[in-house]
Amino acid sequence: MLTAGSMVYYGLNGVCCVMGTVEKNFDGSLSRYYELHPYFRKNEVIFLPENNEALLAHLRPLISREDIDVILRDCPQTKCPWPEPEPVRRDAFKTILRSGDQLEIIRLIRTLYERKTQLTACGKKLRTSDTAFLKDAERLLNEEFAFVLEIPPAEVPAYIREHMPE
């Protein structure tokens, strides 16, 4: 059970504040929902069915400052594999983003940046879908780290560079 006022990480929505529970009639029957407000997108509201285990599985507690330090210190220089064809890659990258696993998200960002650099050297660009995955991965990582570290999201990349070994 989620507590009103608590902060959680919810799938592709990132950091959310639990406002409480409400009864809503979305599908012709009255049901109870958790009301979540994404912290960095003030005008959005998410209604999460209390009894939908599949959706509730995407919730997790926020990581701690200590977790961030461990992730950055121990993050190996490995990257994610580059799956082909594109539909397989989309599914693999979407799974990583939905997992909320910040170590895997860092690996995904590293993989996409390396691919972007390789393509740029050849006068090419990342596919639109890969660019969107990079943007989403950076947003999810920056927002959670920013909230936990109490810094603006724009300062997170510099924080990561300072604290991640070469």
| Do we find a residue being exposed (fewer than 15 other Cβ atoms within 10 Å of the Cβ), touching a residue at least 24 places away in the same chain (Cβ under 8 Å) and within 21 Å of A158 (Cβ to Cβ) anywhere in the stretch 58-66? | yes
| request: Quick one: in the stretch 19-47, of everything that is within 17 Å of G5 (Cβ to Cβ) and touching a His at 6+ places or on another chain (Cβ under 9 Å), which residue is surrounded by the fewest Cβ atoms within 10 Å (Cβ to Cβ)? | output: V45
| query | Is it fair to say L2 is touching a strand residue (DSSP E or B) at 6+ places or on another chain (Cβ under 7 Å) and either more than 26 Å from A154 (Cβ to Cβ) or part of a helix (DSSP H, G or I) (or both)? | reply | yes
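Every residue, every condition in (1) without any contact (Cβ under 8 Å) to a residue 24 or more places away in the chain; (2) over 17 Å from the mean Cα position of the chain (by Cα), yes or no:
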| position | (1), (2) |
| --- | --- |
| C17 | yes, no |
| S29 | yes, yes |
| Y39 | no, no |
| E50 | no, yes |
| V70 | yes, yes |
| P87 | yes, yes |
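Does the stretch 95-107 contain at least one residue that is under 23 Å from M164 (Cβ atoms) and in contact with a His (Cβ under 6 Å, 6 or more places away or on another chain)?
Within the stretch 95-107, not a single residue is under 23 Å from M164 (Cβ atoms) and in contact with a His (Cβ under 6 Å, 6 or more places away or on another chain).
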| query | Within the stretch 111-166, how many residues turn out to be at pLDDT 95 or above, loosely packed, with under 13 Cβ neighbours inside 10 Å and of a type in the set (D, E, K, R)? | reply | 4
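Please count how many residues of the stretch 132-156 are of a type outside the set (A, V, I, L, M, F, W, C), assigned to a helix (DSSP H, G or I) and over 15 Å from the mean Cα position of the chain (by Cα). Write out each step before concluding.
Going through the stretch 132-156, the residues of a type outside the set (A, V, I, L, M, F, W, C) turn out to be 135-136, 138-139, 142-144, 150, 152-153, 155.
With the extra rule that they be assigned to a helix (DSSP H, G or I), the set shrinks to 135-136, 138-139, 142-144, 153, 155.
With the extra rule that they be over 15 Å from the mean Cα position of the chain (by Cα), the set shrinks to 155.
Looking only at that region, the number is 1.
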| request: For L126, indicate whether it is part of a helix (DSSP H, G or I) and in the same structural domain as C80 (by TED's automatic domain parsing). | output: no
| request: Among residues belonging to the stretch 68-108 that are of a type in the set (S, T, N, Q) and not in a loop (DSSP other than H, G, I, E, B), point out the one that is surrounded by the fewest Cβ atoms within 10 Å (Cβ to Cβ). | output: T95
| said: Condition first: among the small types (G, A, S) and under 19 Å from C80 (Cβ atoms). Now tell me which residues in the stretch 111-166 satisfy that. | reply: S129, A132, A137
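The values are calculated or read from the model by the stated rules, or taken from the named source; none is laboratory data. Bear in mind that the values here come from a model prediction, so they are computed numbers and not experimental data. FYI the Cβ positions are ideal-geometry reconstructions off the backbone, even for glycines, and counts take in every protein chain you see.
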